[in-house]
Amino acid sequence: CPDESVDWATTQNLMIEGDNLEVLKLLQKSYSGKVKLIYIDPPYNTGSAFEHYDDGVEHSLWLSLIQDRLEILARLMTQDGAIFVQIDDNEGSYLRVLMDEVFGRFNFVATFIWRKVDSPNDNKVFITPDHEYIICFARNKEKVFLRRKDDPSLLDAYGQRDEQGRLYRDRLLKKNGKNSMREDRPSMFFPMIAPDGSEVYPIHDDGKEARWSMAMKSIEELKISGDLIWKNRGTEKAPKWIPYTREYAPDVPQRPYPTIWSDLHTTRQAKAHQKEVLPDVPLFDTPKPEPLIQRILDMTTNPGDLVLDS
């Protein structure tokens, strides 16, 4: 509609009004295999009647409507792309099985849990629904792009610096905890030669035979790189040599994202934010907080990637 548009000749923006299934079919012509991230928040089929859509259709019809759209969305995704679908318990389990069928069960990434409530709920019910699910699938799990979470606090574990100023820590070469016994990995029970020429075996403090955390080949590589460290935990006359591996702090400290998201804004905070940015617009019952969407964008995209919410 040129007459109703702004900067018709130069804009890169396009608004299409219509049923989203028909629009998705249209988008395939230009965007097949080009969308890096898809986030959708479909009707949960709770049985409610909202102002703008009916959220209470027959179960098999709901599945059919979602399937038609998921099949097109799959064709729009890049090979390293991901799709996140937000849902609750009403259809969550059925949606997961349907996505197994559309995307392939082996392309399942995770089901994230978002805590949507941070205040007392209606005490008339027996159980309060405090969370929702976000089901994530990859187009191709072997190629999917998923970024880790920046976490500078990881550097706190590295309490020493070498001559070059690099942070490091020394970790016991002996395996501790689960699967740390000799019988768990017999090939990793062998003697190492200490600086005084004595043989050292991995032995737990209770005298039971343990195992090293690395194979002999990897330990030889540590020797060559200078990252095998021996420390005398005894005395000069009665030495007790213990081997350690030197581990340097990562240049960019990161950790994987957890599957339980209880650190994000809730529905209550999202509503308060909506009042702030859209004071003249009636409140929406189930807004999603910006930090939740930002996390998904941070996990899966780089600047310039195409993102779709259909």
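The values are calculated or read from the model by the stated rules, or taken from the named source; none is laboratory data. Please read all numbers here as calculations on a predicted model, not as lab measurements. For neighbour counting, all protein chains shown are included, and Cβ atoms are generated from backbone atoms with ideal geometry for every residue, glycine included. Accessible surface areas use protein heavy atoms only, side chains included; no ligands, DNA or RNA. Shrake-Rupley method; radii C 1.70, N 1.55, O 1.52, S 1.80 Å.
Annotations
- Among residues that are in a loop (DSSP other than H, G, I, E, B) and in contact (Cβ under 8 Å) with a residue 60 or more places away in the chain, LEU283 is not included.
- So LYS36, is it modelled with pLDDT of 90 or more, under 18 Å from GLY304 (Cα atoms) and not β-branched (Val, Ile, Thr): yes
- Checking each residue in segment 210-227 for being among the β-branched types (Val, Ile, Thr) and under 13 Å from PHE190 (Cβ atoms) picks out only ILE219.
- Looking across segment 256-271, the residues that are β-branched (Val, Ile, Thr) and surrounded by fewer than 17 Cβ atoms within 10 Å (Cβ to Cβ) come down to THR259, ILE260.
- Output for segment 256-272, where each listed residue is under 13 Å from LEU292 (Cα atoms) and part of a helix (DSSP H, G or I): THR267, GLN269, ALA270
Residue-wise test of (1) at pLDDT below 90; (2) crowded, with 17+ Cβ neighbours inside 10 Å.
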| position | (1), (2) |
| --- | --- |
| ARG233 | no, no |
| LYS240 | no, no |
| PRO243 | no, yes |
| GLN254 | no, no |
| PRO282 | yes, no |
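Residues are listed down the side, and each one gets a yes or a no for (1) touching a residue at least 12 places away in the same chain (Cβ under 8 Å); (2) under 30 Å from ASP251 (Cα atoms); (3) surrounded by 12 or more Cβ atoms within 10 Å (Cβ to Cβ):
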residue: TRP114; (1), (2), (3): yes, no, yes
residue: ASP118; (1), (2), (3): yes, no, yes
residue: PHE126; (1), (2), (3): no, no, no
residue: CYS136; (1), (2), (3): yes, yes, yes
residue: ASN140; (1), (2), (3): yes, yes, yes
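Okay, residues lined up against (1) at pLDDT 90 or above; (2) closer than 30 Å to ASN302 by Cβ; (3) in a strand (DSSP E or B); (4) more than 30 Å from the chain's Cα centre (by Cα):
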site	(1), (2), (3), (4)
SER153	yes, yes, no, no
GLU163	no, no, no, yes
TYR168	yes, no, yes, no
ARG171	yes, no, yes, no
GLY177	yes, no, no, no
GLU183	yes, no, no, yes
SER187	yes, no, no, yes
PHE190	yes, no, no, yes
GLY197	yes, no, no, yes
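- Taken as a whole, the structure leaves ARG105 outside the set of residues that are open to solvent by 70 Å² or more (accessible area, probe 1.4 Å) and in contact (Cβ under 8 Å) with a residue 12 or more places away in the chain.
- Residues in segment 67-91 that are among the charged types (D, E, K, R) and part of a helix (DSSP H, G or I) were compared, and the one that is least open to solvent (accessible area, probe 1.4 Å) is ARG69.
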